[in-house]
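The values are calculated or read from the model by the stated rules, or taken from the named source; none is laboratory data. Quick caveat: nothing in here was measured; it's all calculated off a predicted structure. Every residue, glycine as well, gets a Cβ built from its backbone with ideal geometry; the counts of neighbours run over all protein chains shown.
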Amino acid sequence: MLVEIPTMQKLTVYLGQPVYSLAVVLFSLLLFSGLGSWWSGRWPAEQIGGRLRRVFPLLVVFLLLHALFSSFVLERTLLFGLPARLLVAVLLLSVLGFLMGMPFPTGIRWAGRRQPTVVPWLWGINGVTSVLGSALATALAIHAGFRLTLVVAALAYAAAGALFLLARRSDELQTTNSATRLVEPTHPPRCLRH
């Protein structure tokens with residue numbers, strides 16, 4: 001929501017109509033995040049942790065690039081015809097949407113393999129934060145500006161990545177500790193002397 005709301009508001013001026021902005025942002029982010037989700041769904045289970053560790057930094061970098069340079073691109077292409085501006089808007093959101101489509105479904109898979117009872121809670125938290133996120137994004141965009149709202153979105157993804165790394169490290173330590181306990185040699189009982 002912290003990406004969608006300011007991007008919709010920014011593209012309203014660029015495309016000239018709020019309905020175009022809404023359609024382009026929803027189309028682009030849903031299409032490309034769906035493709036990202038589909039692609040990450042094909043990752044082997046044992047590679048999820050390593051790949052997500054690379055996705056989060058990439059996503060943060062692309063969000064910051066979007067926050068810093070999207071206005072520059074939009075200003076330079078403002079005189080294009082409507083079809084060309086629609087294409088520019090879709091292209092601006094393509095990589096971002098693709099990367100945004102990976103963390104949640106892949107994280108659900110990763111968490112579900114370790115603790116299946118947590119999956120309904122994750123879906124519930126996702127629903128609540130989607131509703132609250134739209135209100136927060138609107139308030140931030142109005143009072144702090146589009147760029148700062150996108151920076152906050154990048155920080156939120158960075159925090160999610162850091163939490164994922166901590167959970168993964170904790171999981172690896174537990175696996176290592178339980179493997180060590182299984183391998184520890186047992187001492188034979190001392191023989192009693194007669």
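Some notes on this structure:
- Per the conditions (1) modelled with pLDDT of 95 or more; (2) crowded, with 21+ Cβ neighbours inside 10 Å, the sole criterion not satisfied by Gly101 is (1).
Per-residue answers, yes or no, for (1) within 17 Å of the chain's Cα centre (by Cα); (2) of a type in the set (Phe, Trp, Tyr); (3) surrounded by 11 or more Cβ atoms within 10 Å (Cβ to Cβ):
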{"position": "Val128", "(1), (2), (3)": "yes, no, no"}
{"position": "Gly133", "(1), (2), (3)": "yes, no, yes"}
{"position": "Ala141", "(1), (2), (3)": "no, no, yes"}
{"position": "Ala144", "(1), (2), (3)": "no, no, yes"}
{"position": "Val152", "(1), (2), (3)": "yes, no, yes"}
{"position": "Leu155", "(1), (2), (3)": "yes, no, yes"}
{"position": "Leu165", "(1), (2), (3)": "yes, no, yes"}
{"position": "Ser170", "(1), (2), (3)": "no, no, no"}
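- Within the range 111-125, residues that are farther than 18 Å from Ser170 by Cβ reach partners that are not basic (Lys, Arg) with beta carbons closer than 8 Å, at six or more positions or on different chains, in the pairs Val119/Ile108; Val119/Ala111; Val119/Gly112; Trp123/Ile108.
- Taking the criterion of being part of a helix (DSSP H, G or I) and hydroxyl-bearing (Ser, Thr, Tyr), the residues of the range 48-103 that qualify are Ser70, Ser71, Ser94.
- Checklist (1) exposed (fewer than 10 other Cβ atoms within 10 Å of the Cβ); (2) at pLDDT 90 or above; (3) of a type outside the set (Ser, Thr, Tyr) applied to Leu182, failing item: (2)
- The residue that is surrounded by the fewest Cβ atoms within 10 Å (Cβ to Cβ), among those in the range 1-47 that are part of a loop (DSSP other than H, G, I, E, B) and more than 18 Å from the chain's Cα centre (by Cα), is Pro44.
- Test for Leu64: is it in contact with a helix residue (DSSP H, G or I) (Cβ under 7 Å, 6 or more places away or on another chain), touching a residue at least 40 places away in the same chain (Cβ under 8 Å) and closer than 23 Å to Thr149 by Cα: yes
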